[in-house]
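Below: the structure, in structure tokens.
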Amino acid sequence: MTEFLGEPALMPVGAAELALRTGATVLPIFIIRTAKGQYKVYLEQPILVSKGNANADGVRDLTDRIIKIMERYIQKYPTQWMVFEHVWEQDKPGTQAAKERYARREAASGCT
């Protein structure tokens, strides 16, 4: 569990774990749509990684560093981002908070 956009979240750690196991550099790259058929590419500073520190603390620390970079782009370009999996605990289907949010959306839309 880590913090993502100010909330506790379950985030994938594969990139951090692979980098730490192999010593691979993490190169954050973001592609932002600027107009129909036009894009701008942002290359962040490489995150240099030392091989062999793939323990839980090392993976969590590197994941947090990657997330902080991601958050800057998500906050600057919120319409350019979406998730395919539930990362926030309160958004998981079946939780009370998710049921309440669904009910509020239904009531607001006039659908019952």
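The values are calculated or read from the model by the stated rules, or taken from the named source; none is laboratory data. This is a predicted model, so every value here is computed, not measured. A quick note on method: Cβ atoms are made from the backbone with ideal geometry, for glycine too, and the neighbour counts reach across all protein chains shown.
Give the residues of the stretch 51-69 that are of a type in the set (S, T, N, Q) and under 13 Å from the mean Cα position of the chain (by Cα), sorted by residue number.
THR63, the sole residue that qualifies.
Restrict the check to the stretch 70-77 and report whether at least one residue is under 15 Å from the mean Cα position of the chain (by Cα), of a type in the set (Phe, Trp, Tyr) and surrounded by 11 or more Cβ atoms within 10 Å (Cβ to Cβ). Give the derivation first.
Going through the stretch 70-77, the residues under 15 Å from the mean Cα position of the chain (by Cα) turn out to be 70-77.
With of a type in the set (Phe, Trp, Tyr) added as a condition, the list becomes 73, 77.
Narrowing further to those that are surrounded by 11 or more Cβ atoms within 10 Å (Cβ to Cβ): 73, 77.
Scanning the stretch 70-77 turns up at least one residue that is under 15 Å from the mean Cα position of the chain (by Cα), of a type in the set (Phe, Trp, Tyr) and surrounded by 11 or more Cβ atoms within 10 Å (Cβ to Cβ).
Among the residues of the stretch 52-108, write down those that are hydrophobic (A, V, I, L, M, F, W, C), outside any helix (DSSP H, G or I), at pLDDT below 65 and over 16 Å from THR2 (Cα atoms).
Listed by number, the list holds a single entry, PHE84.
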For this session: Could you tell me which residue of the stretch 1-23 is surrounded by the most Cβ atoms within 10 Å (Cβ to Cβ), considering only residues that are free of Cβ contacts under 8 Å to residues at least 24 places away in the same chain and in a helix (DSSP H, G or I)?
Result: LEU18
Exercise. How many residues, within the stretch 24-54, are surrounded by 13 or more Cβ atoms within 10 Å (Cβ to Cβ) and of a type outside the set (Asp, Glu)?
Worked result: 10
